[in-house]
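Asks: Encoded as structure tokens, here's the structure I'll be asking about.
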Amino acid sequence: MLRVADMCAGTGSLSAAVAAELGGRVVSVSDTDATARRVLAARYPDAAVLDDALSQDLSGVGAVVVGAPCQDLSWAGLRGGAAPGSGTRSSLIWPILERVAASSAELVVAENVPGGAGVYAEAARLLRGRGFAAILLSVSAAEAGAPHLRRRVYVVAARGSGLLRAVACRPARRLPRSPRLLPTVTASCSSGPSRSGRRGGPNLQTAVAEGRHRTVGAPLDQWAALTGRSVPSAVDEAGRLSARFCEWMMGTPYHPGLSRAARIRLAGNAVVPLQARLALRLAAREILGEEK
């Protein structure tokens, strides 16, 4: 069975999506956050769980997924950038990719925020120079049927076409965007559109507090059908944005054993699995088309 490693894994949703598409098994995960590692240990009990991506053993790994830090690339942050050697959190992508390129991995899938599109275009070029066929593409969660936009960029890179042939044969249709969507989940459980002085814009906390989730009927029902999970209440017993609703919006597992703040933070940093699977299928078609 294909062995999958997840570097800067968060809750492991990107590796779960890739492993499901490829019929693989996650054998190694890493994250600097202790709560995320607790979730990862429960989700992947047979995998090695580390706090440092650069310490992961990639020997024998066929696919590597990377969710490198986005804080220095996000439009809502301070835009520190990811220049090689700069020391920003987001610049971790470069030593990670160098390690991956030096391994025997046949497939790389990296995900980040739209503000990192330029950086990840460079990442795709780096991988092409190391013998991969690599592309950059943008896919939103709404295109996978989610009731929120959540645009993300993906780099998908492959050595050869073996792992992608079956993936390229699966349905890969971008769904039309609904005119009524909710703001995406963010890592903050506070309310207000400019929390912590950041350029956050409209946010889910405010939308739910104002009752706007009640006007978004069809997209919520569509997501419930796609995920197989009924729509939970958007507010908890205290009348606040519900952590369970955030996890449901992201299509990630529920984590009732954690605090509300931790659950919302993890959900806000998570990858939407159906979005990642759509991105991988679209990329597989394009890469195999380029090979032909």
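The values are calculated or read from the model by the stated rules, or taken from the named source; none is laboratory data. Please read these numbers as outputs of a predicted model, since none were measured by experiment. All Cβ positions, glycine included, derive from the backbone under ideal geometry; neighbour counts span all protein chains shown. For the accessible areas, the whole protein counts, side chains as well, though only heavy atoms, and no ligand, DNA or RNA atoms are used. Shrake-Rupley method; radii C 1.70, N 1.55, O 1.52, S 1.80 Å.
Asks: Can you work out which of the residues in segment 107-121 that are assigned to a strand (DSSP E or B) and hydrophobic (A, V, I, L, M, F, W, C) is farthest from Ala166 (Cα to Cα)?
Replies: It comes out as Ala110.
Asks: May I pose another question? Quick one: Pro95 ticks every box in (1) modelled with pLDDT of 95 or more; (2) more than 19 Å from Arg125 (Cβ to Cβ) except a single one, so which number is it?
Replies: (2)
Asks: Something else now. Determine whether Ala47 is small (Gly, Ala, Ser) and either in contact with a strand residue (DSSP E or B) (Cβ under 6 Å, 6 or more places away or on another chain) or surrounded by fewer than 22 Cβ atoms within 10 Å (Cβ to Cβ) (or both).
Replies: Judged against the criteria, Ala47 is a match.
Asks: Something else about it: Test of understanding: among Val61, Val4, which residue is of a type in the set (A, V, I, L, M) and part of a strand (DSSP E or B)?
Replies: Val4
Asks: Related question: For Gln222, are the conditions met, namely being crowded, with 20+ Cβ neighbours inside 10 Å and under 17 Å from Leu175 (Cα atoms)?
Replies: no
Asks: Failed condition for Val39, given (1) open to solvent by 20 Å² or more (accessible area, probe 1.4 Å); (2) more than 25 Å from Phe132 (Cα to Cα), with all others met?
Replies: The failed condition is (1).
Asks: Out of the residues in segment 40-58 that are in a helix (DSSP H, G or I) and in contact with a helix residue (DSSP H, G or I) (Cβ under 7 Å, 6 or more places away or on another chain), which is farthest from His255 (Cα to Cα)?
Replies: Ranking the qualifying residues of segment 40-58, first place goes to Leu54.
Asks: Could you go through segment 265-278 and let me know if any residue there is open to solvent by less than 60 Å² (accessible area, probe 1.4 Å), among the polar types (S, T, N, Q) and at pLDDT below 95.
Replies: Within segment 265-278 (the criterion being open to solvent by less than 60 Å² (accessible area, probe 1.4 Å), among the polar types (S, T, N, Q) and at pLDDT below 95), the answer is no, since none of the residues qualifies.
Asks: From the set of residues in segment 111-124 that are over 15 Å from Arg89 (Cβ atoms) and of a type in the set (A, V, I, L, M), which is surrounded by the most Cβ atoms within 10 Å (Cβ to Cβ)?
Replies: Of everything passing the filter in segment 111-124, Ala123 is surrounded by the most Cβ atoms within 10 Å (Cβ to Cβ).
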